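Just so it is clear, none of the values below were taken in a lab; they were calculated from the coordinates. Given the structure is predicted, the values throughout are model-derived calculations rather than measurements. A quick note on method: Cβ atoms are made from the backbone with ideal geometry, for glycine too, and the neighbour counts reach across all protein chains shown.
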Amino acid sequence: MCRPHYIKGKLIERDRFGPVHYRLRVAVPVDIDHINPGQFALVGLNVGIDILLSRPFSIFEWQHNDGMTTLGFLIKVVGKATAHLADLPLGSTLRILAPLGNGFIDPPAGKGVIIVAGGMGIAALFPLVSRLKHLCNPTRVLYGAKSCTDLVCRSELIDLVGNNLRFATEDGGEGKRGLVTDLLREEIEKGEDILLYACGPESMLVEVASIAVQYQRECWVSLERRMVCGVGACLSCVAETKMGYRRTCTDGPVFNAQDLLWRGDA
Amino acid sequence: MPDLRVRLGRLELKNPVMPAAGTFGYGEEYAPLIDLKRLGAIVTKGISLKPTEGNPPPRVWETTGGIINSIGLHNIGVERFATEKLPFLRQLDVPIIVNFFGATIDEYEEAARRISQLEGVAAIEANLSCPNVKSGGLQFGISAKMVSRITKKILKSANCAVIIKLSSQVANIVEIAKAAAGEGADAITLINAVSAMAIDIERQRPVLGGVTGGLSGPAIKPIALKAVWDVIQEVDIPIIGVGGIMCWKDAVEFLMAGATAIQVGTASFIHPPTMIEVIEGIEAFLQKRGYQKVAQIMGCVHR
């Protein structure tokens, strides 16, 4: 795994991806030559004492050449740090610590995969979908959100998986009315031998993990926790597992769902 | 180049800058990010005789000017520390200060004996001040009599330098510091995180899994500075100042208040190279002012 770099980055691009959703592109003057889908960065905002800590964001996309790397982050404005990022002038400096965490492991060759994304969970899963296409693993994407405006990157996903993409929205504005886990039950009942990858709200992950147990499918989930150092030192971001507390930043964020204990500790 | 060497009782450091316990893991976590060899010392996460699980998550909350943590002294225990973490630290050739705690006086005594016997441990720092666990030291750090008793036992069983880490949240910090000094501790560390909490108004519950936690970061710097200021006037052993140091200027304030060395905690989370910048900043400041030794500015505000 690539060692993390701590470096000043420059915000070079911001595109609107939804009503309060943006893709930020940050250029860093180092060659980060290997990033796994599901790895993340800590992004530091330089705004003084109200936003002291750096914030973890999945690395949504990346590109490197000649001593430069461009990292893409998909963000939704949910609080003061994301609001700040949505308004930050292009050219601003951000402190980047990346790449961090384990990321998703590749499935066995040829194995069918179901991706379960809830809301902004797509940010961690999108590069995995891209990777699976490259690996030629048959992949279906199930993507749920509160309403259709929270479903982002739809055309990009269609480019990657075509028809193998189903939506669920709680208000029924797009795809099936209900939860993405309803779609998962439908799909999994087809009985194929598939592997699951999921990222989304904790309640969704709990349900996905329980479906995986019920149907005896291997399932990998990416967790989100309040995080401080990102390098395994402070033990703030621990998740409860059958082996005890494990660090989301360095032992995760991707865990085998069967190792996790779900106690509503998000 | 100014001379940055400082002495903490039996311990000599090439410069006065080190991490605060619990903010730097076991050192190795930061190896990819900063040159550990440049640090004055490395202070480990608090170690106990047996592994400690720590508090339930959520363990951290950001607040204005600081963070509240309730990690709860989560650590791998003395045995695993000795076999898995110490060999890496030893080869750095930087003094290793092992922070430790116990649930009873006997445990402090035994932990002090075991840890101080480990090859490469330069000093032990007894945590008598963790605000986050019921039996994490603070109950031993609130009375001068108790501090005196526990310091004596630790000093007797340890064969290396002994540092006592105290809380500022006591009736009379000067009396407590005097108690540690009176028994012959090599140095005192002031202060630990300050007891604090936050409430989630939607859930109508405390935010932290441990209910209450310890506030660290720039919000507590003035409190820590005042504790150092008070204690140095009455106590003649070296003080390690810690609390909200974010940059070299903050560190110089602590030195001027009378601290012999300083620890950096929260700032390393936000900006990993902070300690290196603090060392360079102190050096540049001394040079600019024409001082030859860092000792020349120590406690200068009292003179």
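Taking the criterion of being under 18 Å from residue A:203 (Cβ atoms) and surrounded by 14 or more Cβ atoms within 10 Å (Cβ to Cβ), the residues of region A:152-176 that qualify are A:168, A:169, A:170, A:176.
Within region A:244-256, residues that are in a strand (DSSP E or B) reach partners that are of a type in the set (Ser, Thr, Tyr) with beta carbons closer than 7 Å, at six or more positions or on different chains, in the pairs A:254/A:222; A:255/A:241. Which one is farthest from residue B:247 (Cα to Cα) among residues in region B:3-24 that are out of contact with any Pro (no Cβ under 9 Å at 6 or more places or on another chain) and outside any loop (DSSP other than H, G, I, E, B)? The extreme case among them is B:3. If you go through region B:32-41 one residue at a time, do you hit one that is out of contact with any helix residue (DSSP H, G or I) (no Cβ under 6 Å at 6 or more places or on another chain), assigned to a loop (DSSP other than H, G, I, E, B), at the interface with chain A (Cβ under 9 Å from one of its Cβ atoms) and surrounded by fewer than 22 Cβ atoms within 10 Å (Cβ to Cβ)? Scanning region B:32-41, I find at least one residue that is out of contact with any helix residue (DSSP H, G or I) (no Cβ under 6 Å at 6 or more places or on another chain), assigned to a loop (DSSP other than H, G, I, E, B), at the interface with chain A (Cβ under 9 Å from one of its Cβ atoms) and surrounded by fewer than 22 Cβ atoms within 10 Å (Cβ to Cβ), so the answer is yes. From the set of residues in region A:158-201 that are hydrophobic (A, V, I, L, M, F, W, C) and in a strand (DSSP E or B), which is farthest from residue A:133 (Cα to Cα)? In this case the residue turns out to be A:168. Of the strands (runs of 3 or more DSSP E) lying entirely inside region A:1-93, those containing at least 1 residues that are surrounded by fewer than 14 Cβ atoms within 10 Å (Cβ to Cβ) and either of a type outside the set (Phe, Trp, Tyr) or away from chain B (no Cβ under 14 Å) (or both) are A:5-18, A:61-65, A:68-76.
Quick grid of which residues meet (1) more than 24 Å from residue A:247 (Cα to Cα); (2) assigned to a loop (DSSP other than H, G, I, E, B); (3) within 11 Å of chain A (Cβ to nearest Cβ):
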| site | (1), (2), (3) |
| --- | --- |
| B:26 | no, yes, yes |
| B:29 | no, no, yes |
| B:54 | no, yes, yes |
| B:58 | no, yes, yes |
| B:84 | no, no, no |
| B:87 | no, no, no |
| B:111 | yes, no, no |
| B:126 | yes, no, no |
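Within region A:209-240, the residues that satisfy the criterion of being within 22 Å of residue A:105 (Cβ to Cβ), within 12 Å of chain B (Cβ to nearest Cβ) and not acidic (Asp, Glu) are A:223, A:225, A:227, A:230, A:231, A:232, A:237, A:238, A:239.
Checking each residue in region A:190-206 for being charged (D, E, K, R) and free of Cβ contacts under 8 Å to residues at least 12 places away in the same chain picks out only A:190.
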